[in-house]
Amino acid sequence: MLCRVITTALCLITLAHAQPPNAKTAIASLTRDIPNLMQQTDIPGLSIALIENGRTSWLRSFGTVDPTTNAPVSDHTRFSAASLSKPVFAYAVLQLVDQGKLDLDTPLIHYWPTDRPYAIDPANDPRLQQITARIVLSHRTGFPNWRPDNKPLTIYFAPGSRFSYSGEGYVYLQRTVERIEGKPFNQIMKALVFTPLGMADSTYISVPGPNITLGYTQGLTQRTPIRSDDGNAAASLLTTAHDYALFLEAILSGRNLSPATLRQMETPQIAVDPACTNCTEKPTSTTLSKELFWGLGWGIEQTSTAKYLWHWGDNGAFKAFVSIDLRHRNAIVYFANSQNGLAIAPALVRDALSGEHPAFAWIKYDPYDSPKVRFIHDALHNGSKVLTTYATQIQDDSISEETMNSAGYFLYRQKKYDDAIAIFNRCLQLHPKSDNAYNNLGDTYAATGKPELAIRNYLRALELNPDRDDTKAALAKLQPSATKNEAAH
């Protein structure tokens, strides 16, 4: 009898833990927490939507599109969605599957003329003939995420055999869809997704207009969205939280997808390697995750108490995150115009959905309360005083060389030169072989009219790392002969 009571109690505890907060509680928590989280991470602007029981229950924008003018983010402000572009494209692809225009398991090369193969010639690498839409959507192509500049696209492992995240695979499928439909990519997406769902502020192509936010580094250096005149299925979506919420409503209702296709989208196709997201050159792991998988266009978290579809987006100074609780038909999506935008994702998902989310440990972004994020934030607001405040963490390397260099560089960009010099010098005391710190110190001395000190630090950076083209270029501006002499040695 006692065992039954204990078992029942444990079940009740488990069920209570799995139960998400209701919309009223979630909205109250997010309204309270978001401004504080943005302040702690130097995020200028954010837009967010909540879905409860399949319908949008809350839409809210915070902060500014431009910190210099305080122009507010609105519900119509377009953000760079980064890789949140991929699930929207996958939804369009699956509609084409239902229409019989594309087969998930037919090699994509079959949709191409023999005299116009894709970027890889099948004669040079016959493995291209194994890549299907299913393999692309579940990131098993063997392609890298993006090919190196001016180098050919390469297949690193047998397609279908394992997971490695790849934007290149999505572009290959995009080009195939364009061939099938005979239309430009954005027109296809407009016909299949944007117009039917009412996503009036969404596009995959670069467009001018006042409703597009810039992105910002933690030091508030501006970055523009990636430019794409043709559209990029993996990364170029410009959208709003409102529009993306309409897309999530469609996913949760199965709108325009057959039940069988919807089930395939939500079904794990491959377990991921817990140690990497981009795994092309990593040996195949003998231990795969028991909680993290990839479906068709979506990451899948499958824990003992819940199942979530999820995805993250990272275009440098633009970050985004989406998570869907399939059991309760709840979801959250948000977009931030900051390189620190994913530092607050675990906190926002906790407020909105509760539950366990192993994806955050896998994608490895520093959370808002980590030593790195706190140190850089405090450096930007308090300058070199952080060297005293964080003396213990600096000494025991909780504050890394890379973190100190980042903080100093942001101060340099803000023209707080004395503070930047103090941090770079402290970094070099602990990390005397940091070519990055020497280079940054050179930049700072050059900006303050001290060319001799700048040259000395640039030369030291090149002694440690002779391949630094940025250092060579900076040195050439100050002392062309020094660059020639250095090259001679």
| request: Determine the pairs where a residue that is in the same structural domain as Trp58 (by TED's automatic domain parsing) and on the phi > 0 side of the Ramachandran plot, located within region 316-336, has a partner that is of a type in the set (A, V, I, L, M) and at pLDDT 95 or above with Cβ atoms under 6 Å apart, the partner being 6 or more residues away or on another chain. | output: Arg329/Leu252
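Quick one: which of Tyr409, Tyr390 is surrounded by fewer than 22 Cβ atoms within 10 Å (Cβ to Cβ) and among the aromatic types (Phe, Trp, Tyr)?
The unique qualifying residue is Tyr390.
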| Selection count where residues are under 26 Å from Thr213 (Cβ atoms) and free of Cβ contacts under 8 Å to residues at least 40 places away in the same chain, scope region 337-363 | 6
| message | Could you list, ordered by first residue, the pairs with Cβ atoms under 8 Å in which the first is in region 175-187 and in the same structural domain as Thr132 (by TED's automatic domain parsing) and the second is surrounded by fewer than 17 Cβ atoms within 10 Å (Cβ to Cβ) and outside any loop (DSSP other than H, G, I, E, B), at least 6 apart or interchain? | response | Lys183/Ala191
| note | Per the filter on region 230-269, residues outside any helix (DSSP H, G or I) and under 26 Å from Phe62 (Cα atoms) are Ala235, Ser236, Leu237, Leu238, Thr239, Thr240
| field | Conditions (1) within 16 Å of Ile27 (Cα to Cα); (2) outside the structural domain of Arg223 (by TED's automatic domain parsing); (3) not polar (S, T, N, Q); number of the one not met by Val349 | value | (2)
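Which ones in region 464-477 are within 13 Å of Ala437 (Cβ to Cβ) and in a helix (DSSP H, G or I)? Talk me through it step by step, then tell me what you get.
The initial filter retains those residues of region 464-477 that are within 13 Å of Ala437 (Cβ to Cβ), namely 464-465, 468, 471.
Hits for region 464-477 are Leu464, Thr471.
Here's the yes/no breakdown for (1) closer than 25 Å to Ser138 by Cβ; (2) under 21 Å from the mean Cα position of the chain (by Cα):
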position	(1), (2)
Gln218	no, yes
Ser253	yes, no
Val272	yes, yes
Gly297	yes, yes
| message | Go through (1) in contact (Cβ under 8 Å) with a residue 12 or more places away in the chain; (2) within 30 Å of Ala71 (Cβ to Cβ); (3) outside any loop (DSSP other than H, G, I, E, B) for Ala200 and report which single condition fails. | response | (3)
| query | Tell me, which helices (runs of 4 or more DSSP H) wholly within region 317-417 include 1 or more residues that are basic (Lys, Arg)? | reply | 345-353, 371-382, 401-413
| For region 160-197, how many residues are more than 24 Å from the chain's Cα centre (by Cα) and part of a loop (DSSP other than H, G, I, E, B)? | 4
| message | Can you confirm whether Leu428 is in contact with a Leu (Cβ under 9 Å, 6 or more places away or on another chain), surrounded by fewer than 24 Cβ atoms within 10 Å (Cβ to Cβ) and assigned to a helix (DSSP H, G or I)? | response | yes
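The values are calculated or read from the model by the stated rules, or taken from the named source; none is laboratory data. Keep in mind that what you see is a predicted model, and the values were worked out from it rather than measured. Reconstructed Cβ throughout: ideal geometry from the backbone, glycine too, with neighbour counts over all protein chains shown.
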